[in-house]
1. From the list 204, 230, 268, which one is over 18 Å from residue 309 (Cα atoms) and either touching a His at 6+ places or on another chain (Cβ under 6 Å) or in contact (Cβ under 8 Å) with a residue 24 or more places away in the chain (or both)?
2. Taking the stated definitions as given, is residue 333 within 28 Å of residue 203 (Cβ to Cβ), under 23 Å from the mean Cα position of the chain (by Cα) and not hydroxyl-bearing (Ser, Thr, Tyr)?
3. Is it fair to say residue 319 is of a type in the set (D, E, K, R), within 31 Å of the chain's Cα centre (by Cα) and at pLDDT 90 or above?
4. Quick check on my filter: what residues within the range 324-340 are of a type in the set (Ser, Thr, Tyr) and in contact (Cβ under 8 Å) with a residue 60 or more places away in the chain?
5. Identify the residue in the range 74-106 that is more than 27 Å from residue 351 (Cα to Cα) and within 23 Å of the chain's Cα centre (by Cα) and, among all such residues, is surrounded by the most Cβ atoms within 10 Å (Cβ to Cβ).
6. Determine which member of the set 134, 106 is closer than 26 Å to residue 357 by Cβ, assigned by TED's automatic domain parsing to the domain that holds residue 41, touching a residue at least 24 places away in the same chain (Cβ under 8 Å) and in contact with a Lys or Arg (Cβ under 7 Å, 6 or more places away or on another chain).
7. Quick one: in the range 233-279, of everything that is among the β-branched types (Val, Ile, Thr) and touching a strand residue (DSSP E or B) at 6+ places or on another chain (Cβ under 8 Å), which residue is surrounded by the most Cβ atoms within 10 Å (Cβ to Cβ)?
8. Exactly one condition in (1) under 27 Å from the mean Cα position of the chain (by Cα); (2) at pLDDT below 90; (3) farther than 30 Å from residue 198 by Cβ; (4) of a type in the set (Lys, Arg) is not met by residue 161; state its number.
Amino acid sequence: MITTPLLLAALLVVPTFQDEELGPPLLPSTLPPLADHVVGVAGNEVILFTDLEIMIRSDRDLRERMERATTRLEQVEVRLDALSRRLESLVIVQAGQDLGFDPELVAELTDLEFDQQVESMGGHRAAAQELALVQLTPTDRKVQIRDRLLGETWRRSQIGRAPGPGGRVTVDRYVRPGVLRMYYESFRNSQVPQERESVGQVEAQVRVQMLQVNVPVGGSPEDTRVQVDAFVGAYESGDASFEYLINTWGDESSRNQRGISDAARLLAAGHRLHGSDALGLIAYDGEIGDLTEPLLLIERDPSGQILGRSWCVYRLAERIPPVAALPFSSRKLQEDLTETLQGLTDDHREEVAFGRVLGETMIYPPDQRDLILRYRRKMVGR
């Protein structure tokens, strides 16, 4: 976690900084009263401690993380993420304001959307109750709507989907035929599955069935393993079909499965879930009907606490042949590939534009500049 002592002091809910167990977490609604203070600055906008609390209450991910926090350090990390998001938002909002839209028009559009939200909630009384659940006022919600409208307008202007300064579209989104053909050939021969899939090429796939038997609460994994071994024996001797075992002894996830994937993904899934190559091996080299050995699955919550254990047995049920890439002459392929390339170009243009406005904006604390960029890369999967 990159930060400064001054910022740590501003984000803590007590004067001393210590990583100690708190018992029940301090939720935003139960924090001790504090004199409001500045925790960040973006351009000409100041972020107060209470602004972060409003953001945490109104964002489901941040709110749930704060509820799970058991140490002061974990609470500070949530507030640092909220600060990065708010600084990023303000940078974009101010860039949207710099486009020169009439403030009265922005206010009118904000009020119009707010009225639509109130109506969708069932009227003013129901809306007030719903906002009160996350401790927001109508003014807070209008600020959120205004910021989103300005930010979205700025984004669309950078990628050619909306007018820029002066009321004209200044970005060309047209993908030329030669460029389209070049990317088609590149994607068709790519080592990246998602790129091959974008031109209609699908790898050979397999359908795998799973028998998942839960270890009873307070029970022994070893005792459940003996039971699962008996199920495997019944299948291999022909006394029971795998479908019968799933429907009779499997948990709900066993019964509601599709199980179609390629071998590489199944190999990765086996490593992630069980620390084993067994699932990948039957996907690559197994015969129809082959089973894996019983594999232990341990489910944990974000803090590492064990939620449950189960034994999983996988059966190779079907092999699905590969599908070749669509011909370049396909109209659907060209439309889909054009949309894909426009999306990639849009992302690049937006990141370049954001880097430019971020570089021109005064940010405090200064080290948050790198955290903002890291947060954006995470959001777009880079």
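The values are calculated or read from the model by the stated rules, or taken from the named source; none is laboratory data. Given the structure is predicted, the values throughout are model-derived calculations rather than measurements. Neighbour counts are summed over all protein chains in view; Cβ atoms, including those assigned to glycine, are modelled from backbone coordinates with ideal geometry.
1. None of the other options fit; the residue is 204.
2. No, not satisfied.
3. no
4. Residues satisfying the conditions are 330, 338, 340.
5. Once the filter is applied, the top-ranked residue is 75.
6. 106
7. This residue is 246.
8. (3) is the only condition that residue 161 fails.
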